[in-house]
Amino acid sequence: MVTLIHSLADHSDDVNCCAFSSSCLATCSLDKTIRVYSLKDFTELPYSPLKGHTYAVHCCCFSPSGHFLASCSTDGTSVVWDAGDGQMLAVLEQPSSSPVRVCRFSPDSTCLVSGAADGSVVLWNVQSLKLYRSGSVKDGSLVACAFAPSGNFFVTGSSCGDLTVWDDKMRCLCNEKAHDLGVTCCDISSQPVSGGEHAFTYFQMASCGQDNQIKLWLILLADSSGIELKYKCTLNGHSAPVLACAFSHDGQMLVSGSVDKCVIIHETSTGNALHTLSQHTRYVTTCAFAPCSPLLATGSMDKTVNIWQFDLKQASAANAVENESKVAVEDWSEDDVSAWLCAQDLADFVGLFKRNNIDGKELLNLTKESLADELKIESLGLRNKVLQKIEALRMDVRTASVPVPDEFLCPITRELMKDPVIAADGYSYEREAMENWITNKRRSSPMTNLPLPSLMLTPNRTLKMAISRWLETQQK
């Protein structure tokens, strides 16, 4: 269903956002730049990279008309660019000069919303490039924003966990506590749904947060009662905070990216996970579907943007395969074992295993002796090869049944630590990961983003011993 067709590695620091127009892909980064690529061959446009910001660029978006590209930054500004030639059209300064975390165009391309770290939200007139109206949320930073397809309202999400619905006059229509640990992203499906015999229309909205969850909502537009935000369901699957979510153009799929380094494509009608993509090596910070082509872009703190091609027609089949793969190994049928053998380049053994009625439970119990005496595999090399694959499968089973304690995972890499050290912020990290963090001239804490009073790293021997003891129990 999904194929990786291209990987972009031009940014020199974390990728924070990616956005499509009908013909281009824009990406932005902590390296202060915005890069723009052609969708024909993914070559960078002549005017790229755009270098107008003085600090990290957090968000970028194209106007639906395709004429404009907007970006926003820690420098307290949103910049509007000509999407045709890259010319800077305006620098829009947030009234409070607070770092701007998110920006979005209205569906008719006449307005631009910018949300900042101090909770301020500004509605800009794109034609005059002047401030139209402004407001603010009570608590937290504004980190997420999405316009309804109708354009008469938009939703913002804050770091304190609230979703707020605003009308096009910047009046607050409703407010809902959505994620206890903070909202990180939200999106509204471009396809409205009729209420049938009832006199209302509703839109589907997704939000994600630091609580590892993705929530689906219904925004009801009733003739008499205005707007109502209703919780629909929660999509699970990620094992760490979810940083990004986005609907496909037809609203049938929702993609999400997480601190667990995975991208999950969900079917919105059922909530099922259609596919899990795990090619990124660091946190996945952004994801976006193209509006006019079967493309998906995902960006990460590994400094890359991956371009994926998908086929909606294969979604049902892929869903069936994905669900089958979730069956516990001990519950595998003989056919499941045959499929596993083929995937492990052991197809020559399919007939032998079937003749001996090897199912999942039997597979996990195979030993060097049973491979030789019962299955009559004479070659020592082949027996060792099969046994190595089975041992790897056993390890996967053990890992799946007993997840790694979160305190054993490095906050930077989300991998099991081998040489944990304590930094000046009081948190423990994998030594190599923290040394790389500091080497890249980052003197702030990866966990709190506050300045580190010292760059000294102290070995955490107690934690290292605890990890060793845990590993020993997993090997028994």
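Screening Ser96 on (1) more than 19 Å from Gly299 (Cα to Cα); (2) modelled with pLDDT of 95 or more shows it passes everything except condition (2).
Being surrounded by 22 or more Cβ atoms within 10 Å (Cβ to Cβ), within 15 Å of Asn125 (Cα to Cα), β-branched (Val, Ile, Thr) and free of Cβ contacts under 8 Å to residues at least 60 places away in the same chain holds for only one residue in Val102, Val91, Val79, and it is Val79. Look at (1) in contact with a Gly (Cβ under 6 Å, 6 or more places away or on another chain); (2) within 18 Å of Leu243 (Cβ to Cβ); (3) of a type in the set (A, V, I, L, M) and you find that Met170 fails only one, number (2).
Residue count for the range 120-136 satisfying the condition of being outside any strand (DSSP E or B) and either outside the structural domain of Arg171 (by the TED database) or surrounded by 23 or more Cβ atoms within 10 Å (Cβ to Cβ) (or both): 1. Highlighted here are the strands (runs of 3 or more DSSP E) found entirely within the range 16-73 that include at least 3 residues which are not hydrophobic (A, V, I, L, M, F, W, C): 34-38.
Scanning the range 14-30 turns up no residue that is open to solvent by less than 60 Å² (accessible area, probe 1.4 Å), in the same structural domain as Trp308 (by the TED database), touching a residue at least 40 places away in the same chain (Cβ under 8 Å) and farther than 22 Å from Gly257 by Cα.
For the condition over 26 Å from Gly251 (Cβ atoms), assigned by the TED database to the domain that holds Tyr37 and at pLDDT 95 or above, Ser141 does not qualify. The set of residues from the range 137-154 being part of a strand (DSSP E or B), under 24 Å from the mean Cα position of the chain (by Cα) and within 13 Å of Asp168 (Cβ to Cβ) comprises Phe147, Phe154. Using the structure shown, decide if Thr164 is open to solvent by 30 Å² or more (accessible area, probe 1.4 Å), modelled with pLDDT under 95, out of contact with any Lys or Arg (no Cβ under 9 Å at 6 or more places or on another chain) and not acidic (Asp, Glu). When the stated conditions are applied, Thr164 does not pass them.
Take the conditions (1) more than 19 Å from Cys17 (Cβ to Cβ); (2) buried (at least 16 other Cβ atoms within 10 Å of the Cβ); Ser269 misses just one of them, which is (2). Can Ile390 be described as open to solvent by less than 40 Å² (accessible area, probe 1.4 Å), farther than 30 Å from Thr458 by Cβ, not assigned by the TED database to the domain that holds Met456 and not in a helix (DSSP H, G or I)? Answer is no for this residue. Would you say Asp108 is closer than 26 Å to Ser293 by Cβ and part of a loop (DSSP other than H, G, I, E, B)? Judged against the criteria, Asp108 is a match.
Hey, any hits in the range 38-51 for a residue that's in the same structural domain as Ser190 (by the TED database), among the aliphatic types (A, V, I, L, M) and modelled with pLDDT under 95? Yes; the residues of the range 38-51 include at least one that is in the same structural domain as Ser190 (by the TED database), among the aliphatic types (A, V, I, L, M) and modelled with pLDDT under 95. For the range 148-161, the set of residues classified as surrounded by fewer than 23 Cβ atoms within 10 Å (Cβ to Cβ), touching a Ser or Thr at 6+ places or on another chain (Cβ under 7 Å) and modelled with pLDDT of 90 or more consists of Ser159 only. Looking only at residues of the range 55-110 that are of a type in the set (Val, Ile, Thr) and over 23 Å from Phe153 (Cβ atoms), we find that the one that is nearest to the chain's Cα centre (by Cα) is Val57.
Applying the criterion of being over 31 Å from the mean Cα position of the chain (by Cα) and among the β-branched types (Val, Ile, Thr) to the residues of the range 448-468, the residue that is most open to solvent (accessible area, probe 1.4 Å) is Thr462.
The set of residues in the range 380-430 being within 30 Å of Val350 (Cα to Cα), among the hydrophobic types (A, V, I, L, M, F, W, C) and at pLDDT 85 or above consists of Leu380, Leu382, Val386, Leu387, Ile390.
Looking only at residues of the range 300-330 that are farther than 25 Å from Ile5 by Cβ and at pLDDT 80 or above, we find that the one that is surrounded by the most Cβ atoms within 10 Å (Cβ to Cβ) is Val329.
Residues checked against (1) over 39 Å from the mean Cα position of the chain (by Cα); (2) in a helix (DSSP H, G or I); (3) surrounded by fewer than 17 Cβ atoms within 10 Å (Cβ to Cβ):
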residue: Cys342; (1), (2), (3): no, yes, yes
residue: Asp345; (1), (2), (3): no, no, yes
residue: Phe353; (1), (2), (3): yes, yes, no
residue: Asn357; (1), (2), (3): yes, no, yes
residue: Leu363; (1), (2), (3): no, yes, no
residue: Glu369; (1), (2), (3): yes, yes, yes
residue: Ala372; (1), (2), (3): yes, yes, yes
residue: Lys376; (1), (2), (3): yes, no, yes
residue: Leu382; (1), (2), (3): yes, yes, yes
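For Leu45, the test of being touching a residue at least 12 places away in the same chain (Cβ under 8 Å), surrounded by fewer than 21 Cβ atoms within 10 Å (Cβ to Cβ) and of a type outside the set (Val, Ile, Thr) is passed.
Among the residues of the range 222-245, those that are in contact (Cβ under 8 Å) with a residue 60 or more places away in the chain and closer than 23 Å to Asp168 by Cβ comprise Ile227, Leu229.
The values are calculated or read from the model by the stated rules, or taken from the named source; none is laboratory data. From a predicted model like this one, the values you see are computed outputs, not experimental measurements. Positions of Cβ are backbone-derived with ideal geometry, glycine not excepted, and every protein chain shown enters the neighbour counts. Just so you know, the surface numbers come from the protein's heavy atoms only, side chains and all, with ligands and any DNA or RNA stripped out. Shrake-Rupley method; radii C 1.70, N 1.55, O 1.52, S 1.80 Å.
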